[in-house]
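Only the coordinates and a few stated rules stand behind these numbers; no lab work does. Computed from a predicted model, the values in this text were never measured in an experiment. Neighbour counts are summed over all protein chains in view; Cβ atoms, including those assigned to glycine, are modelled from backbone coordinates with ideal geometry.
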Amino acid sequence: MSMTEAREQRSISAKAVDEEYKKLQRFHIDYRRIVLVDDEDPPEGGFGIVRRAELHQAAYLPAWLASRRYGPPQLVAVKQIKLTKVSNTPRVKRAFTREVLVWSSLEAHPGIAKFLGFYADFENSKAWLLSPWEPNGNVSEFIKAHQLEVPEKLSLVYDTIEALNFLHQLNPPVCHGDIKSANVLVSAEYKARLCDFGLARLHEDSGFGRLESSTGMKGSLRWCSPEVLNGAPREPTSDVYSWAWLVWEIMTGKLPYEETTVDFVIMRQIFESPLPQVDGQSRLSDCLQVWELMIRCWNLDPLQRPTARMCKTTITYLPRCTPAPANSNHQTRSAPLLENLGDLESWKGNQEKSSAYLNKALRLYQEEADAKGIASVLRKQTVATYRISDYVKLRAIATTALEHCRSLDDALGIAEASFYLGFSVDMLGNPDEALPMLRESLDIRRTHGDDVGAVQCLERIGEIQRHNGQPVDALSTLNEAVALASRSGDRLGLALALHVVGNTHSYLSDFVRATDALSDAATIAQNIGWEGGLGVILNSMGSLKMRLGDYGAAQGFFQESIPIARRIGDRYTLARGLEGLGESFQGQFSLNEAVPLLEEACLLWHELSQPWGSRRVASTLVELKSRQGDWDRTLFWIDHIIAVCRIQKQQQDVADYLERKGQILTNAQRYDEAALHFEAAMLPRWENEYLSHWQRMRLQRQLCAIPKTTMKWERRLPLLCDLKKLQRRQPQLVTTSLKLPILIGRGES
């Protein structure tokens, strides 16, 4: 470019700046209204220092008179742009105009510092920007001054990502360009607010591009993404990279690369390491979902980073509440803090702590007669119970939560409680009854744009479809859930959906796809610290290996799942893991190792009111103990099955297992008892009119095959069906599996 062309280009640029600057005159504030307050060490922003000042209502009156007439002055923050006599005035004016233009064009948003106006006199090296003074300083200062709990820090994190998401979703999107703790203020209400738009730019806006400067890298080195350091323009993706470092500051109180003070060393570390070398796994162990999100935000490929909207989705559903520094000694925790601490401990698997926090929060809300607070705690108790798979208790709590939410006309509360009620009903064996509840929840969540809740509902509906033998419909529903979770950034929902996708492909014998889906689900669950989900997924992977006949690999998965379930108190997942591990040992002919595992699993299923699981495992134990010739334990477990069948009122099954017990007693050479049970097996069939001719003949043959005993039979054929007479003959043979116990020594009627 020739010198003449360069001068013409500068002239055009200067005219563009002047045109835009004139449009901003309505925001200009008379400097006489601004009275600076002495500040020995004013904080610095990206392009200047920040001073405290009083903004008076009138410029022509003395301060005392203006205060009397118009009220006290407003306390404001004045950002004074760094200018010197040798500054390039056109360039400074361009940068200043850019910041005013962007900041003043933003709609009012609680997460963005309010723009009050500006004062500028470039000839005298003065350029000031005004916003309300925030008494708590920037977020770094606030964190260091107060001992905040994790939910309180997450509230500040949420405020920042909500504001950033607002900027990025404007048309055209606004890139802040200098995200760091110094540019996040904390209001009097303890809300975080973005400020300092000195490097902000309208993304892909050609009109505003006339105001851009291309004089090299600017901003804060520690927070910069690699592509910006390489000279690329700031974009929403680079804001997301810097925001992850802001989260690091809020959660840990540490600067990025805090141990380094030399710029070129920081730059070398940024370029040499694919991920920042920080120990987030341990420092953020209380909330690994945040750490997993930060890792994705630091991806070297900007296109692989989550959007601000995705980040907001993750943070939205984490336990958070507005800080209450007045209670920083934690002796008088507020009810909102207690309920969110309970939610956090539940996620971490500390059920006792979770229950204690939630119960205390509930008592506080009840004392205050706070109906919304009570409903909120009930919802969190529902989630905590869901996480440990206590479905009987879950049904009770979800029912109560649903009643409270309906009384408050809280649509999303109704949707959440309906989901968990439907989930519990399904897991207790009534999927057809659960479906209407799940569909009601899904409709409400779709109406309110609750993508995370919609994914939950779709996952459970897909699981019911799979269980009902509709795998094609299930995959269609689940693929919708996977797409929605991926689009919204819902990692937990994605893991949930992929888990059921894997189980559905396993049902269809597509073992390659099943393995891929389950492996992806397990990786996500582990990365976000979802131990409960990881245990469930490991059980599914073990079951898949069992189907493939790889009992050794299955054993490994179940052995990983069991300690997780024990630690977090998830008895349902524990029962599944114990059953699977026992069966894997059985498949390897290690019966002595299999039996105690299966016995514990059977009793757990019984305690969890899961009769089918209890019967299933007890049936396996009957076969194993019969094979080992341990007749006493064999009879114990078949009696257990008969008792469960009686509770379920499955009379046909009662008869079948009485007959099976007779066969076992015959093998044990306990012939009198065997005869008693063969005849007892007749009664429920006779009473319910489903005694077929072939069943009668089979029982006759079994009775006739019994050697003569001391029992004196009136007749061998036809068979006796009077149970009372049978029991009176041998009262000592009465067991828990038989009806109508008769006392010893009682005479016949």
* Whole-Hz couplings from phi, Karplus 6.51/-1.76/1.60, listed for region 286-291; x for Gly and Pro -> 5, 8, 5, 4, 5, 5
* 10 °C / 1.306 mPa s Stokes-Einstein diffusion coefficient of region 305-364, Kirkwood radius on C-alpha pairs, µm²/s -> 126
* Structure fact -> From fewest to most C-beta neighbours within 10 Å, the residues Phe271, Phe197, Phe27, Phe96 line up as Phe271, Phe27, Phe96, Phe197
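Sort Thr620, Thr523 by Cβ crowding within 10 Å, fewest neighbours at the top.
Numbers: Thr620 20, Thr523 14.
Ordered from fewest to most neighbouring Cβ atoms within 10 Å, Thr620, Thr523 come out as Thr523, Thr620.
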* Structure fact -> With no solvent term and unit scatterers on the alpha-carbon positions of region 369-448, Debye gives log₁₀ I(q)/I(0) at q = 0.11, 0.18, 0.21, 0.23 Å⁻¹ of -0.25, -0.65, -0.87, -1.01
* Asked: Cα-Cα over 31 Å: which of Lys23/Lys114; Lys180/Lys353; Lys393/Lys661; Lys254/Lys372; Lys23/Lys126?
  -> Lys180/Lys353; Lys393/Lys661; Lys254/Lys372
* Asked: How many angstrom separate the Cα center of region 342-365 from the Cα center of region 550-600?
  -> 30
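Got a sec? How would Glu480, Glu259, Glu531, Glu463 order by Cβ neighbour count within 10 Å, fewest to most? Mind showing how you got there, number by number?
Numbers: Glu480 17, Glu259 9, Glu531 21, Glu463 24.
Lowest to highest Cβ neighbour count: Glu259, Glu480, Glu531, Glu463.
With +1 assigned to the C-beta of every Lys and Arg and -1 to the C-beta of every Asp and Glu, and no other charges, what is the dipole magnitude of region 523-596 about the Cα centre in debye, to the nearest 20? Write down the numbers at each step before the final one.
Values: 6 positive and 7 negative charges, 23 e Å.
Magnitude of the dipole: close to 120 debye.
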* Asked: With each pseudo-label sitting 7 Å past Cα toward Cβ, what's the Asp279-Glu189 distance in nm, one decimal?
  -> 3.9
* Structure fact -> Rounded to the nearest 0.05, FRET efficiency between Tyr70 and Leu170 (Cβ-Cβ, R0 30 Å) equals 0.30
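So how do 510-516, 626-632, 346-352, 305-311 stack up, highest first, on mean other-Cβ count within 10 Å?
305-311, 346-352, 510-516, 626-632
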* Give a residue-ordered list of calculated ³J(HN,Hα) values for region 297-314 (Karplus: 6.51 cos²θ - 1.76 cosθ + 1.60, θ = phi - 60°; whole Hz; x for Gly, Pro). => 5, 8, 4, 5, 8, x, 6, 8, 7, x, 6, 4, 5, 5, 4, 4, 4, 4
* Asked: What is the calculated FRET efficiency for Thr4 to Phe122, with r their C-beta to C-beta distance and R₀ = 35 Å, to the nearest 0.05?
  -> 0.85
